[in-house]
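To keep things clear, I will list the structure first and then write my remarks on it.
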There are 2 protein chains.
Amino acid sequence: MTANPADSLPESPEADFPDAEQSPQVDVAALGEMLLGRWADARRKAREVAAMPALHKVEGLTHTEHRERVFGQLKVLVDEGAVHRAFPQEFGGQDDHGANIAGFEELVTADPSLQIKAGVQWGLFGAAVLHLGTEEHHRAWLPAIMSLEVPGAFAMTEIGHGSDVASIATTAAYDPEAQEFVINTPFRAAWKDYLGNAAKDGLAAVVFAQLIVKGVNHGVHAFYVPIRDPQTKECLPGIRSEDDGIKGGLNGIDNGRLAFEDVRVPRTNLLDRYGHVSEDGTYTSPIASPGRRFFTMLGTLVQGRVSLDGAAVAASKLALTAAVRYAAERRQFNASSPTEEEVLLDYQRHQRRLLPLIAATYAMGFAHEELLAKFDGVFSGAQDTDEDRQDLETFAAALKPLSTWHALETLQECREACGGSGFMIENRFASLRADLDIYVTFEGDNNVLLQLVAKRLLNDYAKEFRTMSVGALAKFALGQARGMAYKTGLGAVGQFIADSGRAQRSALALRHPDTQRLLLAERVQTMVAQAAQALQGAHRLPQAEAAARFNAHQDELIEAARAHAELLQWEAFTEALEEVRDPGTRQVLTWLRDLFGLTLIEKHLAWHLMNGRLSMQRGRTIGEYINRLLAKLRPHAIDLVDAFGYRDEHLRATIATGIEGRRQAEAAEYYRELRASGRAPVSEKALSKK
Amino acid sequence: MTANPADSLPESPEADFPDAEQSPQVDVAALGEMLLGRWADARRKAREVAAMPALHKVEGLTHTEHRERVFGQLKVLVDEGAVHRAFPQEFGGQDDHGANIAGFEELVTADPSLQIKAGVQWGLFGAAVLHLGTEEHHRAWLPAIMSLEVPGAFAMTEIGHGSDVASIATTAAYDPEAQEFVINTPFRAAWKDYLGNAAKDGLAAVVFAQLIVKGVNHGVHAFYVPIRDPQTKECLPGIRSEDDGIKGGLNGIDNGRLAFEDVRVPRTNLLDRYGHVSEDGTYTSPIASPGRRFFTMLGTLVQGRVSLDGAAVAASKLALTAAVRYAAERRQFNASSPTEEEVLLDYQRHQRRLLPLIAATYAMGFAHEELLAKFDGVFSGAQDTDEDRQDLETFAAALKPLSTWHALETLQECREACGGSGFMIENRFASLRADLDIYVTFEGDNNVLLQLVAKRLLNDYAKEFRTMSVGALAKFALGQARGMAYKTGLGAVGQFIADSGRAQRSALALRHPDTQRLLLAERVQTMVAQAAQALQGAHRLPQAEAAARFNAHQDELIEAARAHAELLQWEAFTEALEEVRDPGTRQVLTWLRDLFGLTLIEKHLAWHLMNGRLSMQRGRTIGEYINRLLAKLRPHAIDLVDAFGYRDEHLRATIATGIEGRRQAEAAEYYRELRASGRAPVSEKALSKK
């Protein structure tokens, strides 16, 4: 490794972040409006609904009481028109997919159980009928699904196969005599499990099963299956149900298991948009390849991942608002004054704990807005090519893992930053954390999703860079330079890197966005290129050897996917900055973006050093840069969380109400009066010093 | 930075970890015996008690039901003689402090609420009477405390002052006329809060208050105060109590708040071992300095931190046992074979997620055993100098933060590694995680504790290295080389570094313990030295400026303390290895220790690179080293968790019972019969390939 030219250009953090003559001000109202994004109206309305006390989680209920309450709340959502936006206009919906998800995400502030139970009913069960069924199915079932007359389960996951849906074992065999499908659970591992609405409330289910016609298995298809008698609520013949019981969170949902023994449904109950069986048992599909058909059918379910990404960001915002308000009031230890204690948020450590989480939450919020726009483009049909759908899948698979893990980290750090108060359920950190825990493994396990992203990156790499050596990559220029990250492919990354030569890099300070982009982008590209080289020719090996080769690089590949997602988030933040007109807001958000970028670079610093992307000298300045950014951002912390726009009805955290400040004022007044009275005791310590 | 000589000595991971001709075997029984440690008998007895179904947590109870159950369980502990080992023999105890803590720690496997409620009663309330009171107090109150006739609260923490005990505002003023102390809560922030036994069960409390005699405040002292009528359970006059209600976990404990309005107790209710008030109101103390007196009194409470350290290790062991058993059975995705799916634990990522946690748990277990020996030495009086007490404080303050954070990380990673099953409460990860959450902020907030460690390191540095430049430090040799980490001071670290020259370092492979020790030790020393240099002269500045200077390095100091704790853990593991006689066990544990060491070095790799401790070339080999260690340890994973010695009655996790293997066998048998029958469907994919 030769010395980096940057070594000859020492830069000081001071030069990069000059103290402004006047501290900039954030325009909180305008920033708040911007954060509401393109579907601001839907978010505003959903926040009004979520502010209704009837929808709020009540802590300490038994799981059966909590289930009752949430089921009742779903009816409120129907009455408020809060959950029908994605459905067709002819059934009272609005055909508005982006607004639907935006509004849905905000429900997490009322009760995550309510959100996910609504997601099961309308986002999974209803959406499966909508997207996998035909108009006939819509007319037959959507009205009762939308009105909650028929609560339903989404029976895809089996005990034996979590994220590996293609391997499910439930069968639906066509009986041409009766023109019926016969659904069976062949063994215990094939029981459907973890299904919301399955333990108690569900009257029907969309059941995923291997479709077998004339001895041929056509792969996984979905069937509409009544499971309980609407009057008696008893399971129908052949249906067995078990209760999953208590879970780590989301106990307002009646998750359970389902099994089927010779359960017969009419031929027309196959949701046959992508695969049709005629009366005589002829299978036809608009998609010839069974593999592509499977991914197309599953692809209609991407909205689950999209909405979890947004809900995770919303929950992070709630936690940070409460924790930052408390940290800006709470005092502990009198380090700098004999009489007055230090405000928590003035401690460097406390800043290090909370402010980077705010920066990441902003980045993830902006990235989510991009994802939602992509989703809306595909589902509205406005931009709905195969490539668009693949990009959407990859984009969602990249963002959802990082934001859901981030939410857990944020909730936990906020809870710890509030000490014992943070553990009290009335302050909600622990409650939200328990409920959001499952977000990291459902709707696609996070590690599995990142592996999907890695495979996509490897494919892109194979397509675009097949003929180049790793070292030669940086020399190629392919197209435009900015905004490339929204194209989730690798091509634009390579192009940007090519545009930015080493000479340019060495002249730019770390605070310069091009430097940050270059470091983040080169890391993605190099990691993918290295993995691709290591895997070269693996597809020609026997399956077991190819798998072993792939497995030996699994961890690197997942890290490459994570690096890619981080770049997407950073790009989204940087793009958003360009829309900010108010100079003060723009300055503060630029610092916040820099904090996000530098925190990422610090996290992967060893990589940047070992790969010659950053000199030792420059590497050693990063910690100090970050500390200076923290000090600059400290005065704006309250503004930055206020801009999230959540009111007391959404926060519902005692410590976010100013109670700590009032207690301190009372104590200060007591001591003031005591001193004035002349009855204040003298400390032994003070006496012994005399 | 000049190139490191190590660059000229390329080493390959293969050279460091040659494949053994035969795979070594772990002697699980012998290793299990070793892990039980010096107080094996107490642990074994406590595990028998913890295996009793009557003591097990029942999930889904309301918090009031859970409280009832736990209070009843405390009586079982009394009957089983499980909680009196630390008390004097004359009252039926055993004066055995180490065994007491060892046994106490194991109770976490039954129900953490039971453990902590027992800790409140006998480890805090009872221990305060024991350690802060005199023989007269022991005779008056210990029997009823030990028998649970008088449940009590430990009323130290106030709402306004969490970790900052010296600043509490409750007052106890001496009234010489009545020969009574008058206890008052002057304002809301001075309410005692988060106290177990305060909301419901407590009949008395040890109350910490500023002792005021004749207009002089002698600082924080402890008073025995009856709070409820034993018959009616109503609060006594002047006592107010509030219920903390539901918490993020530990809901079997009735945490609550207490306030006092002119509550009078006899003069003899002052627990006056360290501070006495005579009838006429003369204050005397065996410790002249008010500061040292305060720390001596609080120092008697170190056992809380010691026992949380051990309990956190025990909980980590439970989680890893369940998750590794499941990972060794569960199969997902058929990457390497068309018919059989891959076992989770064969995936590199899964190994990366779980095996380093096993390694860290071993290290923390061994370190805890050292801590417990130190604790027993001090509390038995065998090694009870001021220096011993200070070392014990520092040792506990270093280990408790890392092990309690580690437990949360382990519980969460295990829960995620088990997917949806991990979220089901029946598998206990989520339940234990919720209960252990508070361990990271109670009995000393983890960040505050690490700061205490950092201050100790700075003091040691000032004492021993005051006159040297940072660069010169490595040249000094002071004494013996090994085992220095148990002396929590810095001196031995400097000595070891001095003994190990650069020439030696460059010749040693990363797997060599001296290399690992050198890297970990140099990091501690350098970080402390750098902080000390930056803070030089700060104590001569005005308070506010000195505080600002300190604050600007707070994050580094806490990281230095963490590095110190990591070194202690690594040393403990390495010392323990020397006791292992069986060659196979020793080989596997050596790999595990190397995995622990290399994982730490990888985590801080940027630091080692930037400080010239590791060459780029060598840095680049670490990931591959670790991957090879993972593959070597994979076959021993089950043995390593079996050696923890927890039985099904302790695990109580459905997925750890072999249920997954039985389901797979059933499924495999179904498919075998189906193929044999000739009725197995052909896949469309297979047909279309023809």
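Provide the FRET efficiency to the nearest 0.05 for the B:LEU687-A:ASP41 pair, computing r from the beta carbons and using R0 = 51 Å.
Numbers: r = 51 Å, r/R0 = 1.00.
Plugging the Cβ-Cβ distance into 1/(1 + (r/R0)^6) gives 0.50.
Evaluate the charge dipole of the stretch A:586-647 about its Cα centre and quote only its size in Debye, nearest 20, assuming +1 on the Cβ of each Lys and Arg and -1 on the Cβ of each Asp and Glu. Intermediate values should be presented prior to the final figure.
On the way: 10 positive and 5 negative charges, 23 e Å.
About 100 debye.
What are the ³J(HN,Hα) couplings of the stretch B:183-188, residue after residue, when phi is run through the Karplus curve with 6.51, -1.76, 1.60 and θ = phi - 60°? Round to Hz, x for glycine and proline.
Running phi through 6.51 cos²θ - 1.76 cosθ + 1.60 with θ = phi - 60° gives 9, 9, 9, x, 7, 4 Hz.
State the answer as a single residue: which of B:CYS235, B:ALA222, B:PHE181 lies farthest towards the positive end of the charge dipole of the stretch B:153-302, with beta carbon charges of +1 for Lys and Arg and -1 for Asp and Glu, about the Cα centre.
B:ALA222
Using only the Cα atoms of the stretch B:56-169, build the gyration tensor, take square roots of its eigenvalues as a ≥ b ≥ c, and label the shape rounded, prolate or oblate: rounded if a/c is under 1.5, else prolate if a/b is larger than b/c, else oblate. List each step's numbers first, then the result.
Details: a/c = 1.76, a/b = 1.09, b/c = 1.60.
Note, shape of the stretch B:56-169 comes out oblate.
Within 10 Å of each Cβ in peptide B:187-193, how many partner chain Cβ atoms are there on average? Round it to a whole number, please.
On the way: counts 9, 7, 9, 4, 1, 0, 3.
Per residue, the average neighbour count from other chains is 5.
Kindly identify chain A as rounded, prolate or oblate by the Cα gyration tensor criterion: order the square roots of the eigenvalues as a ≥ b ≥ c, call it rounded if a/c is under 1.5, otherwise compare a/b with b/c, prolate if a/b is larger, else oblate. Could you put the intermediate results ahead of the total?
Working: a/c = 2.25, a/b = 1.32, b/c = 1.71.
It is oblate, given that a/c is not under 1.5 and a/b is not larger than b/c.
For the stretch B:153-302, taking Cα atoms only, what is the radius of gyration to one decimal and the Dmax to the nearest whole Å?
Expressed in Å, the Cα Rg and Dmax of the stretch B:153-302 come to 15.1, 48.
How high is the FRET efficiency between B:MET52 and A:THR62 when r is their beta carbon distance and R₀ equals 35 Å, given to the nearest 0.05? Walk me through the numbers before you get to the answer.
Working: r = 25 Å, r/R0 = 0.72.
The formula returns an efficiency of 0.85 here.
About its Cα centre, how strong a charge dipole does the protein assembly as shown have in debye, to the nearest 20, once Lys and Arg get +1 and Asp and Glu get -1 at the Cβ? Intermediate results must be reported in sequence, preceding the final value.
Working: 150 positive and 184 negative charges, 451 e Å.
The dipole of the protein assembly as shown has a size of about 2160 debye.
To one decimal in nm, how far is B:GLU340 from the same spot in the other copies, if labels go 7 Å from Cα toward Cβ? Please give the shortest first.
Those separations, rounded to one decimal, come out as 7.1 nm.
Name the long-range amide H neighbours of A:ASN217: under 5 Å, sequence gap of 5 or more, or other chain; modelled H, no Pro or chain starts.
HN-HN under 5 Å from A:ASN217: B:VAL682, B:SER683, B:GLU684.
Tell me, B:ARG353, A:ARG679 in order of fewest to most beta-carbon neighbours within 10 Å? All intermediate terms of the calculation are to be shown ahead of the outcome.
On the way: B:ARG353 20, A:ARG679 9.
Going from sparsest to densest Cβ surroundings: A:ARG679, B:ARG353.
Calculated from DSSP H runs of 4 or more alone, at -39500 (n - 2.57) each and per residue, what is the 222 nm mean residue ellipticity of chain A, nearest 500?
Values: 28 runs with 360 residues, N = 690.
When only DSSP H runs of four or more count, the value is -16500 deg cm²/dmol.
Calculate the mean, over all residues of peptide A:603-616, of how many other protein chain Cβ atoms lie within 10 angstrom of the residue's Cβ.
Values: counts 1, 1, 5, 15, 5, 1, 6, 11, 2, 1, 0, 2, 2, 7.
Per-residue shielding by partner chains comes out at 4.
Please work out whether the stretch B:303-642 counts as rounded, prolate or oblate from its C-alpha gyration tensor, where a ≥ b ≥ c are the square roots of the eigenvalues and a/c under 1.5 means rounded, while otherwise a/b larger than b/c means prolate and anything else oblate? Provide the component values of the computation, followed by the final result.
Details: a/c = 1.84, a/b = 1.48, b/c = 1.25.
Since a/c reaches 1.5 and a/b is larger than b/c, the shape of the stretch B:303-642 is classed as prolate.
Each residue of the stretch B:215-223 in turn: what ³J(HN,Hα) in whole Hz from Karplus with 6.51, -1.76, 1.60 and θ = phi - 60°, glycine and Pro shown as x?
x, 10, 8, 8, x, 6, 9, 10, 10
Please compute the average number of Cβ atoms from other chains found within 10 Å of each residue's Cβ in peptide A:668-680.
Working: counts 2, 1, 6, 3, 0, 0, 1, 0, 0, 0, 0, 1, 3.
Mean inter-chain Cβ contacts per residue within 10 Å come to 1.
Tell me, how many Å apart are the Cα centres for the stretch B:282-325 and for the stretch B:600-623?
After rounding, the separation between the Cα centres reads 35 Å.
With 18 Å as the cut-off, how large is the P(r) tail for the stretch A:401-457, expressed as percent of Cα-Cα pairs? Please list the in-between numbers first.
Numbers: 658 of 1596 pairs.
Summing the P(r) tail past 18 Å for the stretch A:401-457 gives 41 percent.
Taken together, the values in this text are just the output of simple stated rules run on the coordinates, not laboratory data. Every value quoted in this text rests on a predicted model; they were computed, and no experiment measured them. Counting neighbours? That spans all protein chains shown, and the Cβs are built from the backbone with ideal geometry, glycine included.
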